[in-house]
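Down below is the structure, laid out as structure tokens.
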Amino acid sequence: MKESLGTTGLILNEPMLWEKGKKGRCGFSYPQRDVESYHLDDELTGTGPDFPDLSEVDVVRHFTRLSQWNFGVDTGMYPLGSCTMKYNPKTNERQARLEGFSGAHPLLPTHLSQGVLKLMFQLEGFLSGITGMDAVTLQPAAGAHGELAGMLIIHAFHKSKGLHCSKIIVPDTAHGTNPASAALCGYRSVPVKSNEKGVLSAEAVAEIMDEDTAGIMITNPNTLGFFEENVKKIAEIVHSKGGLVYCDGANMNAVMGIVHMGEIGVDVLHLNLHKTFSTPHGGGGPGSGPVCVKKDLETFLPVPRVVKNNNRYLLSENFPDSIGKMHAFYGNVGVMIKAYSYILSMGPDNLKKASQLAVLNANYIRKKLQGIFHLAYDRPCMHECIFSDKLQKAQKITTLDIVKRLMDYGFHPPTIYFPLVVNGAIMIEPTETESKENLDLFIEACKAVANEAQDNPGLLRKAPTRCKVRRLDETTAARHPCLTG
Amino acid sequence: MRYLPHTNEDISSMLQVIGIDTLDGLFSSIPEDCRRAGDLNLPKPLSEWELNDHMSKLAGSTAVSPEYKVFMGAGSYEHFIPESISYLLSRSEFATSYTPYQPEMSQGTLQAIYEYQTLTARLLGMEVANASLYDGASALAEALLMAIRITRRKKIAVSSLIHPLYRRVVQTYLAPTCCQIVELPYLKNGRTDLITLDEIDDLAAVAVQSPNFFGCIENLQAIGKKTHDKDTLFITSFTEPLAYGLLKNPGSLGADIACGEGQSLSIPRSFGGPVLGMFASKMKYVRNMSGRLVGKTKDMDGKKGFVLTLATREQHIRREKATSNICTNSSLCALAAVMYMASVGGTGIRELARLNYDKSEYLKKEFKKAGFTISFDSTTFNEFVVKFPAGFETKYENLLDKKIVSGLPLATYYPELTNQYLFCVTETKTKEDMDALIRGVKS
Amino acid sequence: MKEIDELNLPCDVRYAEDHEWIRYEGDKVRIGISDYAQDQLGDIVFVELPQSNDTFEKGEEFGTVESVKAVSELYMPIGGEILSVNPALEESPDLVNQSPYNDGWMIEVKPSDSAELEALITRDAYLEMLKGLE
């Protein structure tokens, strides 16, 4: 490898906030006191929190230094499988910051917030079109929140028919949020195994589907990176016993403009705006998890809903069968604005192109890395491909060791140890915003690490060495948790 | 398209490596009958400049400062946001990074969230705080589910003065659990009526909000004592955390769990989201808590570092037995909050809270002077309810035309409170603004 | 992780198929998890145990053992009443890693049905079972 992307550079140590500061310093511009002071009962008055007093310079230096210890999509490639770490367009940030959006109070009389309501209404239409589903709610604040909404909708559907189901089918490749969301709704998860091709078979589903089962939670494309090719048959089987098909749409980035979810048997689907629709991950959030449903489930969507009446947009609670409210207000509008801007910037052809290029990039990596790492399923993939540490086992090198060393080469590790069906899984999702040069650099780095695993495995076990810290003692952190300073 | 770097040459050479001829060939594993017929029905793409125009038009029609004076709180507060914070949050190492599962390259996020956890715990007087939940409403729902898990009881008591929209979210979350929710009524003085508590037993938790939806400060000490006498968990909720810059914090008054909305801490209102679910509890309950936790530890060289910890509570490990299904949270908003708490500081937050209180008291006094009734006589923080004579709706509409939003009408939420409006005054309202409002309602 | 022949599998205890060991101590038994189980889990960070006087049936879940990245349920190899739980594990869960058969013991049980003790497997049978898992 010519020259590794990962190098050392001067970053600065920075203490904790409360290890800095001096009483009386201030980092805030106080508005004028134009009223007198009023009495407040001693009984109610506290002493105020023990915060340090810092100047604006203190605060800016502190967080600037902290930011330099991080790695974002803007720093480099972030091939996290199932996370879709694509580029976050800066124009989206500008739009969300516009005072008319960011300064809007959610309980304004609706005639004073027509612009934002129109945006939400239009976004629902866009997402409905992209997924091929009939109605949308933007209220869930994250994918898992959307999954909970979806579960509640399915529950409400059966209740409306006087039915009660206690189980739901969850594939062995499902993301952890799937069974967790099902459990929050009182469903017991019934597992189903994927076949040797890495997809669900209709027979396996037929074996366990019954009238006490509310339905199935599929992910399509699934977490192994494959399109669930038997989805139509599976949907038929589930529907025939009165169940519904929930689709975790986290991997929508592979199929925009290519698959019509509504026509393949999906009844409820959630999207992750912070994945497919380019809104930033923010170090863990906030995201947004809209839920899209078929027409006959529209009546159960959370309220209030944005409705259009004679060119006026209103918030309506007039949906008596709704599952209720998931979020105090209407969801993460600030995130919706960014997704809306993205869709308007891309347009229909580029959204489809994005999916095509995402799948192109993943297959290119698959081809180039096959043999360097063990490819879990030797067949074309969609937007992500899965390898494992099988070829490195002889040197007692694990998936963890491999990806920690990748950091030294300047790449964020791929997703590891998920899905559970692949031992030592390494899930790589490059996304469409990585150029061929970046992919080639990543591939070179992987090859270099694989060679080191052979010739000098110690380098991997000691890695990373170029980051601010070395490997951390997670055992002590869990045994004797130190959660506040 | 500027986000799609592939040239035609790139695409050809990559297709060649893969061994197929066209981009379409990449989708051969998708059966024909699963393919979409026809193109996506979306508007043509806008250039960056067309998008700016389009969005400015949409945003331009909303009633916001400085053009409008909005005297509403009710869970969404106008506070000054320092430019330094907006600037720091736009640093892409914070904004475009992922959840810090690979701690060695995420120490920035991890230390910042550890600092957030610490300052939140100090603000609320609690022993441990998590790394954020979606909002104050879902935080309350999670608190109640946590109490149900800990006590294994199926009954909870919830004050009717908790934000009405929070109570609706709680109902949605608790519906599948078959738990009984007992609502505690309110007294004429604007505080929660505890008399019902005497008759109920076997409660998992008692939940109240302070300052409550009417802006009144509850007697948390008394409620806490009564709750603990019944061997029940005491949950306090809040919508305005700035109040704890001045008032006694829930931890010092016996809260087992304190949760609420952190939007006031320099997060823009943004029509209700994204916002910040703050959540804290006693250390002994930490393994039952939902949400991520950042812990301090050391690396192989003995250097200080931070990691996500106690992850076995969470969905990616515990799956259906997890304490919650939460994955993505409100991390960047938590970052905004800690930057704010650091910027105002211990001295500053007290002064700022004081200013909020005093300005609000001024407006209250002016309403009284103008002959209007303050509905509840308990001490309030920066919100209070005013009772107007019948027919005030017309005056309200006139004031809207004058670009003044005079409070939130309460009848939608409390049908018995017709002609009563919830007003909020923060440090963003000047004496002139308030005088203009009074002149407006008097005229 | 250890190879099968590196595992410590003492003969003075019986085993259950889900990797608990059982030592008879007169009219009560002591129970913990095997060297194989602790090795698979990795560094143990937390052990959740029941209260004294709780009773469980054979096969019922009586607690959990957590490492950094995994959680395992603990199942009763025999039914009975919990007489005591190892107090040292609260502060030092690593005892399960260091001394799984002695200092890392988990619960003491008064068996409700002595016939259930017969169903427990010998050290050799457990070793065979582990080899079959490979």
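Points to keep in mind about this one:
- Theoretical ellipticity at 222 nm over the protein assembly as shown - DSSP helices of four or more residues, -39500 (n - 2.57) apiece, nearest 500: -10000 deg cm²/dmol
- For the stretch B:316-443, the pair-distance distribution built from all alpha carbon pairs, in bins 5 Å wide starting at 0, is 2, 9, 15, 17, 14, 10, 9, 9, 7, 4, 3, 1, 0 percent.
- Translational diffusion of the stretch B:144-264, estimated by Stokes-Einstein from the Kirkwood radius over alpha carbon pairs at 10 °C in a medium of 1.306 mPa s, is 111 µm² per second.
- Derived value for chain B: Kirkwood hydrodynamic radius 24.4 Å. Basis is the mean of 1/r over every pair of different alpha-carbon atoms.
- FRET efficiency, 1/(1 + (r/R0)^6) with R0 45 Å, evaluated for residue A:74 and residue A:111 via beta carbons: 0.70
- Residue-averaged beta-carbon neighbours from other chains (10 angstrom radius) around A:109-118: 5
- Whole-number accessible area per residue in Å² for the stretch A:348-469, which is evaluated in the context of all protein chains at 1.4 Å: 33
- Between residue A:94 and residue A:57, full extension at 0.36 nm per residue minus the direct alpha carbon distance yields a gain of 10.8 nm.
- Overall, the accessible surface of the protein assembly as shown at a probe of 1.4 angstrom is composed of carbon and sulfur to the extent of 48 percent.
- Remark on the stretch B:109-138: accessible area falls by at least 40 square angstrom from chain-alone to full-complex state for B:111, B:114, B:115, B:118, B:119, B:122, B:134, B:135, probe 1.4 angstrom.
- Kirkwood Rh, Cα atoms: Rg over Rh of the stretch B:36-177: 1.05
- Placing unit charges on the Cβ atoms only, positive for Lys and Arg and negative for Asp and Glu, gives the protein assembly as shown a dipole magnitude near 2940 debye about its Cα centre.
- Separation of the residue A:236 and residue B:432 label points, Cα + 7 Å toward Cβ, nm: 7.4
- Shielding of peptide B:332-339 by partners, expressed as the average count of other chain Cβ atoms within 10 Å per residue Cβ, is 4.
- Radius, Kirkwood style, for chain A when every pair of distinct Cα atoms is counted (Å): 24.9
- Delta accessible area of at least 30 Å² on complex formation, residues of the stretch A:5-35, 1.4 Å probe, chain isolated as reference: A:16, A:17, A:18, A:27, A:28, A:30, A:31, A:33, A:34, A:35
- For the chain pair B and A, buried accessible area totals roughly 16400 Å², probe 1.4 Å, rounded to the nearest 100.
- Under 19 Å from the residue A:158 label point (7 Å along Cα→beta-carbon), backbone N, the stretch B:166-193: B:172-179
- Loop-located trypsin sites (Lys or Arg not before Pro) in the stretch A:371-461, at most 13 other Cβ atoms within 10 Å (DSSP): A:396
- Across the stretch A:91-344, Cα-Cα pairs more than 26 Å apart make up 37 percent of the total.
- Residues residue A:19 and residue C:84, FRET efficiency given R0 of 60 Å [Cβ-Cβ distance, rounded to 0.05]: 0.85
- Here the stretch C:4-133 yields Rg over Rh of 0.93, to two decimals, using C-alpha coordinates and the Kirkwood radius.
- Projecting the Cα positions of B:237, A:96, A:288 onto the charge dipole of the protein assembly as shown (unit charges on Cβ atoms of Lys, Arg, Asp and Glu, taken about the Cα centre) puts A:96 furthest along the positive direction.
- With coordinates expressed along the principal axes, the C-alpha atoms belonging to the stretch A:198-297 extend over 42, 29, 25 Å, beginning with the largest.
- The dipole here belongs to the stretch B:84-340: it is taken about the Cα centre, uses +1 on the Cβ of Lys and Arg and -1 on the Cβ of Asp and Glu, and is about 360 debye.
- Calculated diffusion of the stretch B:74-119, Stokes-Einstein form, Kirkwood radius summed over Cα pairs, 25 °C and 0.890 mPa s, µm²/s: 196
- Stokes-Einstein D in µm²/s, Kirkwood radius over Cα pairs - the stretch A:320-376 at 20 °C with 1.002 mPa s viscosity: 140
- Divide the volume of the convex hull around the Cα atoms of the stretch B:12-112 by the residue count and you get 309 Å³ per residue.
- FRET efficiency for the residue A:210 to residue C:52 pair, using the beta carbon distance and R₀ = 41 Å, is estimated at 0.45.
- Direction-averaged projected area, Cα convex hull, the stretch A:348-469: 8.0 nm², rounded to one decimal.
- The value for the stretch A:126-245 of Rg(Cα) / (2.2 N^0.38 Å) is 1.03.
- Every pair of different Cα atoms in the stretch B:84-340 enters the Kirkwood calculation, which places the hydrodynamic radius at 18.6 Å.
- Volume per residue that the Cα convex hull of the protein assembly as shown spans, once the total is divided by residue count, Å³: 170
- Residues of the stretch C:7-28 with an amide N closer than 14 Å to a point placed 7 Å from the Cα of residue C:130 along the Cα-to-Cβ direction: C:7-22.
- Net charge over other residues, Cβ less than 12 angstrom from the Cβ of residue B:184 (K, R count +1; D, E count -1): -2
- The modelled label-to-label distance between residue B:365 and residue B:196, using points 7 Å beyond Cα along the C-beta direction, is 3.7 nm.
The values are calculated or read from the model by the stated rules, or taken from the named source; none is laboratory data. Keep in mind the model is a prediction, meaning the values are calculated, not measured. Methodologically, a virtual Cβ is constructed for each residue, glycine included, from the backbone with ideal geometry; neighbour enumeration extends over all protein chains shown. With ligands, DNA and RNA removed, areas are computed over all heavy atoms of the protein, side chains included. Shrake-Rupley method; radii C 1.70, N 1.55, O 1.52, S 1.80 Å.
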